[in-house]
Amino acid sequence: MATTIQEALAICNANLTGDLKTDIPYLESQVRHYANEPNGEELAKHITDLAFSLLPKEQQDQFMHATTLNGKRLDQVFHEARELLNSGKKEEAAMALRALTSKCEECFGSGSKLNYFSFRNPFEYHLYRMLYPGQSNIERAPYDFAMYCTIYGYTLVELNKLDEAVEALEQAIRFNPVSCDVRFELAEVYKLKREPDKLLAVIKDMFPIASSTYALSRIYADLGFYAIAVHDYDAAVCFFYESLVYNNHPGVQAELVNLRGLMGHDIEPPTRKQVLAAFAQYELPASPSEDLIRLALVLAETAVQDEELKLAAYFYSIAYDLTREPEIKKQIDAIQAAMAPKTGEPS
């Protein structure tokens, strides 16, 4: 059962100490704690509002300046830009998103004393800490700036402004370096620009951060596109078939039909030896990141010890999706059984 706003705020208020240096980090941790709730976004907004109310007037004014544009909250500006985009008003949407992303960069970008990130879930936060251990002064951005920049990049692609799209998507990556979704958009741009070397560089960057079989499937499909671009059709066959192992997507099946036309003969499924050789040829891993899986398991075990069962199940599910290990499935089943309402208890 989802935590209600009233329940979450009651817990937060009960644990406030009156010391901002303690209370603000605590409330930030509560936002992360509730991130996987069905109403996590709404809970985050109310907890953030509570944190804002604790700030001195001067800091409130600074925050309002940083998070508003022309008198509107940044999330409202983004919502209006999305409406323009959905209505087919691409130029107007691009103008609004340009102003929005410029504001994000001005107040929370590379010139800021702190490092603001738009991690979408607790795992992304921990993954970033693992991959960038020397990074300090990490702060949660007030809104999902990575998504704002990604949608701006997508809009620019729709307008065929590909160079500007690359800049927008690189800005999105700065706000969330561990999101495959942003990099998939950047990969699409390099396909359109016919720059296979840059496409391959983006693909390589995704292997350490691919935290789902869906992401791996898309990575392997993009490798297939790259191999076609450099006329390595045998490798393309291997990569497309490996993509189908993780997700039997009809788009990949269609690419194999197209590839058969390019090769001029029927295509046989590759042997495992051929697949591994194709990955080795490009110095790429042929399996999910072991470090990422290990991190998910450690986080799950820690969450169990802390009696954060819902969080533990979430971390275990990442590891299970990538490994299909029966022992991990047993852990998930045990947690779900422990969380299930007992007979006679309200659900």
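The values are calculated or read from the model by the stated rules, or taken from the named source; none is laboratory data. Note that the coordinates shown come from a computational prediction; the quantities given were computed from them, not determined experimentally. With ideal geometry, Cβ positions are generated from the backbone for all residues, glycine too; neighbour counts draw on all protein chains shown. The accessibility values were calculated without ligands, DNA or RNA, using every heavy atom of the protein model including side chains. Shrake-Rupley method; radii C 1.70, N 1.55, O 1.52, S 1.80 Å.
Laid out as a table, the results:
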item: Region 155-167, residues that are assigned to a helix (DSSP H, G or I) and open to solvent by 10 Å² or more (accessible area, probe 1.4 Å); result: Val157, Glu158, Leu162, Asp163, Glu164, Val166, Glu167
item: Near pairs, Cβ below 9 angstrom, 6+ apart or cross-chain, from region 157-184 (free of Cβ contacts under 8 Å to residues at least 40 places away in the same chain and aliphatic (A, V, I, L, M)) to any residue that is in a loop (DSSP other than H, G, I, E, B) and surrounded by fewer than 20 Cβ atoms within 10 Å (Cβ to Cβ); result: Leu162/Lys193; Ala165/Leu159; Val166/Lys193
item: Single match in Tyr152, Tyr143 (criterion: modelled with pLDDT under 95 and either assigned to a loop (DSSP other than H, G, I, E, B) or surrounded by 21 or more Cβ atoms within 10 Å (Cβ to Cβ) (or both)); result: Tyr143
item: Tally of residues being surrounded by fewer than 24 Cβ atoms within 10 Å (Cβ to Cβ), of a type outside the set (D, E, K, R), under 11 Å from the mean Cα position of the chain (by Cα) and assigned to a helix (DSSP H, G or I) across region 168-181; result: 2
item: Answer from Lys329, Lys310 - the residue that is under 18 Å from Thr213 (Cα atoms), of a type in the set (Lys, Arg), in a helix (DSSP H, G or I) and under 25 Å from the mean Cα position of the chain (by Cα); result: Lys329
item: Members of region 120-150 that are under 22 Å from Lys21 (Cα atoms) and among the aromatic types (Phe, Trp, Tyr); result: Tyr125, Tyr143
item: Residues that are in a helix (DSSP H, G or I), surrounded by fewer than 23 Cβ atoms within 10 Å (Cβ to Cβ) and hydrophobic (A, V, I, L, M, F, W, C), drawn from region 222-256; result: Phe225, Ile228, Ala229, Leu244, Val245, Val252, Ala254, Leu256
item: Cβ pairs under 6 Å, 6+ apart, first in region 88-100 and at negative phi, second surrounded by fewer than 21 Cβ atoms within 10 Å (Cβ to Cβ) and acidic (Asp, Glu); result: Lys90/Glu158
item: Filter result (assigned to a helix (DSSP H, G or I) and open to solvent by less than 60 Å² (accessible area, probe 1.4 Å)) within region 278-293; result: Ala278, Phe279, Leu292, Ile293
item: Region 308-337 residues that are surrounded by fewer than 19 Cβ atoms within 10 Å (Cβ to Cβ), paired with ones that are polar (S, T, N, Q) and not in a helix (DSSP H, G or I) (beta carbon under 8 Å, 6 or more apart); result: Lys310/Asn36
item: Residue satisfying all of: in region 33-65; closer than 22 Å to Ile318 by Cβ and among the polar types (S, T, N, Q); least open to solvent (accessible area, probe 1.4 Å) among these; result: Asn39
